[in-house]
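Participant: Input: one structure, supplied below.
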Amino acid sequence: MNLARVSSNGQITVPVEIRRLLKVKEGNKLLFMRKDNGEIVVSNASLFALQEAQEAFAGVAEALGNPTEEDIQSWVDEVRYGKAAEA
């Protein structure tokens with residue numbers, strides 16, 4: 001169990017063990033989420049965003065026929081420049 005004291009400014013120092021578990025460093029942001037049962041969960045905001053993106057894109061490659069890196073670069077170029085890259 002880890003304990004942190006809230007300062008008069010509402011600040012806390014996250015215990016080193018928790019920082020290590022969350023893989024947070026100076027300048028990182030923490031995400032506080034309230035679960036349906038009232039429990040508060042603290043996450044590394046960057047890792048949470050990455051996980052959400054991975055879940056959102058799950059199965060997309062298979063649905064697109066497992067495109068190659070070249071296929072993806074061509075799609076990016078088409079979106080950026082309005083045409084596929086010249087070979």
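Participant: Scan the stretch 37-67 residue by residue and report those that are of a type in the set (A, V, I, L, M, F, W, C), over 30 Å from residue 15 (Cβ atoms) and open to solvent by 70 Å² or more (accessible area, probe 1.4 Å).
Facilitator: 56, 57, 58, 63, 64
Participant: Can you pull out every residue in the stretch 68-79 that is polar (S, T, N, Q) and either within 30 Å of residue 22 (Cβ to Cβ) or surrounded by 12 or more Cβ atoms within 10 Å (Cβ to Cβ) (or both)?
Facilitator: Within the stretch 68-79, 73, 74 meet the criteria.
Participant: Could you check the stretch 15-35 and list, in sequence order, the residues that are over 20 Å from the mean Cα position of the chain (by Cα) and in a loop (DSSP other than H, G, I, E, B)?
Facilitator: Selection gives 15 alone.
The values are calculated or read from the model by the stated rules, or taken from the named source; none is laboratory data. The model shown is predicted, which means the values in this text are computed figures rather than measured ones. Counting neighbours? That spans all protein chains shown, and the Cβs are built from the backbone with ideal geometry, glycine included. These accessible areas exclude ligands, DNA and RNA; they are computed on the full protein's heavy atoms, side chains included. Shrake-Rupley method; radii C 1.70, N 1.55, O 1.52, S 1.80 Å.
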